[in-house]
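Novice: Sharing a structure, written as structure tokens. Questions coming.
The values are calculated or read from the model by the stated rules, or taken from the named source; none is laboratory data. Given the structure is predicted, the values throughout are model-derived calculations rather than measurements. So basically every Cβ, Gly included, is an ideal-geometry build from the backbone, and we count neighbours across all protein chains shown.
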Amino acid sequence: MALKAIQVGVPPEDEAFGDVLSQTIIGLGPKDDQTVVFLDGEDVSDLIRTEEVSGMSSRVSKRSDVRLRMVELQRAATSQHIAGGGVVVIEGRDIGTVVFPEADYKFFVTAAPVIRAQRRARQLADKGEPVSVEELLEQILERDQRDKTRPDSPLRVADDAVVVDTSDVQFEEQVDMILDLISGNAPGLEQ
């Protein structure tokens, strides 16, 4: 919905955005052995990962009507996949607290804000979109604050989630840490 807000030029704070929401079709589907995101029939998997969309997403997510619609879509897509025998891994800022509070495993993956900014800067640079770490850090701090203080589904650690701090851990090690937690092989960490 953040991408849609940008595409149609209707700010999410505008009352007319409710009409945009009701006329928007969002779906997930397979493409080249991956799950991709479709917006009104178009694969937007790469477009939704831009800095502009990221910045807009916390503004859009303050709307209760958007949050309710996204929860419905996430639950429906997940139920359909599980009914087909699949396993689902979902990430998001309210997945373990609101969308799937009964999930088998919950991890709150975090890192120091400056580390997150550095990682994001490298991702964007790899895509040919250089952005300063300082600018990204400011955006990250602002978004975190907005998401933590929104009245509907605020960002918080679920009571039964395992906090995984990845500040000093490379991606492959992060995956191994989580897999070890799931299999019960993580020394000193309880599920």
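Novice: Output the number of residues of the stretch 149-159 satisfying the condition of being in a loop (DSSP other than H, G, I, E, B) and exposed (fewer than 12 other Cβ atoms within 10 Å of the Cβ).
Specialist: The total comes to 2.
Novice: So residue 35 clears everything in (1) polar (S, T, N, Q); (2) in a strand (DSSP E or B); (3) touching a helix residue (DSSP H, G or I) at 6+ places or on another chain (Cβ under 8 Å) except one condition, right? Which one?
Specialist: Residue 35 satisfies all of (1) polar (S, T, N, Q); (2) in a strand (DSSP E or B); (3) touching a helix residue (DSSP H, G or I) at 6+ places or on another chain (Cβ under 8 Å) except (3).
Novice: Right, here's the next one. Can you spot a residue in the stretch 17-27 that is farther than 23 Å from residue 144 by Cβ, in contact (Cβ under 8 Å) with a residue 12 or more places away in the chain, under 19 Å from the mean Cα position of the chain (by Cα) and in a helix (DSSP H, G or I)?
Specialist: yes
Novice: Further question on the same structure: For the subset of the stretch 167-190 comprising residues that are loosely packed, with under 11 Cβ neighbours inside 10 Å and in a loop (DSSP other than H, G, I, E, B), which member is modelled with the highest pLDDT?
Specialist: 168
Novice: From the list 96, 84, 92, pick out the single residue that is more than 21 Å from residue 159 (Cα to Cα) and of a type in the set (Gly, Ala, Ser).
Specialist: The unique qualifying residue is 84.
Novice: For residue 146, all conditions in the list (1) without any contact (Cβ under 8 Å) to a residue 60 or more places away in the chain; (2) part of a helix (DSSP H, G or I); (3) of a type in the set (D, E, K, R); (4) surrounded by 15 or more Cβ atoms within 10 Å (Cβ to Cβ) hold save one; what is the number of the exception?
Specialist: Only one criterion in (1) without any contact (Cβ under 8 Å) to a residue 60 or more places away in the chain; (2) part of a helix (DSSP H, G or I); (3) of a type in the set (D, E, K, R); (4) surrounded by 15 or more Cβ atoms within 10 Å (Cβ to Cβ) is unmet by residue 146, namely (1).
So that you can scan it fast, the table gives a plain yes or no per residue for (1) of a type in the set (Val, Ile, Thr); (2) closer than 30 Å to residue 165 by Cα:
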| position | (1), (2) |
| --- | --- |
| 1 | no, yes |
| 26 | yes, no |
| 39 | no, no |
| 42 | no, no |
| 56 | no, yes |
| 83 | no, no |
| 87 | yes, yes |
| 98 | yes, yes |
| 103 | no, yes |
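Novice: Moving to a separate point now. Test of understanding: among 109, 162, 87, 133, which residue is surrounded by fewer than 18 Cβ atoms within 10 Å (Cβ to Cβ), within 22 Å of residue 173 (Cα to Cα), out of contact with any Gly (no Cβ under 9 Å at 6 or more places or on another chain) and without any contact (Cβ under 8 Å) to a residue 60 or more places away in the chain?
Specialist: Going through 109, 162, 87, 133 in turn, the sole match is 87.
Novice: Restricting the search to the stretch 66-99, which residues are within 18 Å of residue 37 (Cβ to Cβ) and not in a helix (DSSP H, G or I)?
Specialist: Answer for the stretch 66-99, where residues must be within 18 Å of residue 37 (Cβ to Cβ) and not in a helix (DSSP H, G or I): 86, 88, 89, 90, 91, 92, 93, 94.
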